[in-house]
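Q: I'd like to ask some things about the structure below.
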Amino acid sequence: MGKQLESFKTSLEDFAGKYKQEIRKNPEFRGHFQQMCARIGLGVQIIEICMATRARNGGIMALTDLHKKVVKTSKSRQNVSEDDLARAIKKLHVMGSGFQVIPVGKKQLVQSVPGELSMDHTAALQLAQVTTLVTLPTPDHMVHEEMAWVDDQGPDERLYWFPGLFPES
């Protein structure tokens, strides 16, 4: 992913250099170019936040939590909505980066690890949404991908915790 972003950045810089005169002279072209750069910047911010928090949340994070982090770390004064984030993530998904927004119950979750969640995975996340843990059998895939943590210290049965559903402090 890092190499793709660096390659894209280089291509964007080359484009800006090649069309520098047009960007300066044509306000409409300049506006489109600036808007494109802002969207790319939002995508990069999303990637950076998701990568920085992946060890803590297993690559699953509530869209509302991502929004709070983007607003907190944003260098621009531009207002960014959750819808803006969802649109940027949809564009990242095209790159094959493993980013997508998945509806789970009343929440929108951001998945930032490669792979599709099955109906079983989604059902486990829906159950865990209330308490962040489930006792039903959870696919090993979610544990292997660190989306779920195993707790064998429960009184009766194995528990599965979903750190991506923990409330942000």
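The values are calculated or read from the model by the stated rules, or taken from the named source; none is laboratory data. The model shown is predicted, which means the values in this text are computed figures rather than measured ones. A quick note on method: Cβ atoms are made from the backbone with ideal geometry, for glycine too, and the neighbour counts reach across all protein chains shown.
Q: Please find, within region 36-83, the residue that is surrounded by the most Cβ atoms within 10 Å (Cβ to Cβ) out of those that are of a type in the set (A, V, I, L, M, F, W, C) and in contact with a strand residue (DSSP E or B) (Cβ under 9 Å, 6 or more places away or on another chain).
A: Out of the qualifying residues, it is Ile60.
Q: Let me ask something else. So, Phe162, is that one crowded, with 20+ Cβ neighbours inside 10 Å and modelled with pLDDT of 80 or more or not?
A: Judged against the criteria, Phe162 is not a match.
Q: Let me ask something additional. List every residue pair whose Cβ atoms lie under 8 Å apart, where the two residues are 6 or more positions apart in sequence or sit on different chains, the first residue falls within region 70-81 and is over 17 Å from Ile47 (Cβ atoms), and the second residue, located anywhere, is in a loop (DSSP other than H, G, I, E, B) and modelled with pLDDT of 85 or more.
A: Pairs found: none.
Q: Right, another one. Only residues in region 33-53 that are without any contact (Cβ under 8 Å) to a residue 24 or more places away in the chain and of a type in the set (Phe, Trp, Tyr) count as the first member; pair them with residues that are outside any helix (DSSP H, G or I) and surrounded by fewer than 16 Cβ atoms within 10 Å (Cβ to Cβ), Cβ under 9 angstrom, at least 6 apart or cross-chain, and list the lot.
A: If the second residue must be outside any helix (DSSP H, G or I) and surrounded by fewer than 16 Cβ atoms within 10 Å (Cβ to Cβ), the pairs left are Phe33/Tyr19.
Q: Same structure again: Among the residues of region 81-118, write down those that are more than 11 Å from Ile60 (Cα to Cα) and modelled with pLDDT of 85 or more.
A: Matches in region 81-118: Ser81, Glu82, Asp83, Asp84, Leu85, Ala86, Arg87, Ala88, Ile89, Lys90.
Q: Considering each of Ala38, Ala16 in turn, give the residue that is of a type in the set (Gly, Ala, Ser) and at pLDDT below 75.
A: Going through Ala38, Ala16 in turn, just one is of a type in the set (Gly, Ala, Ser) and at pLDDT below 75: Ala38.
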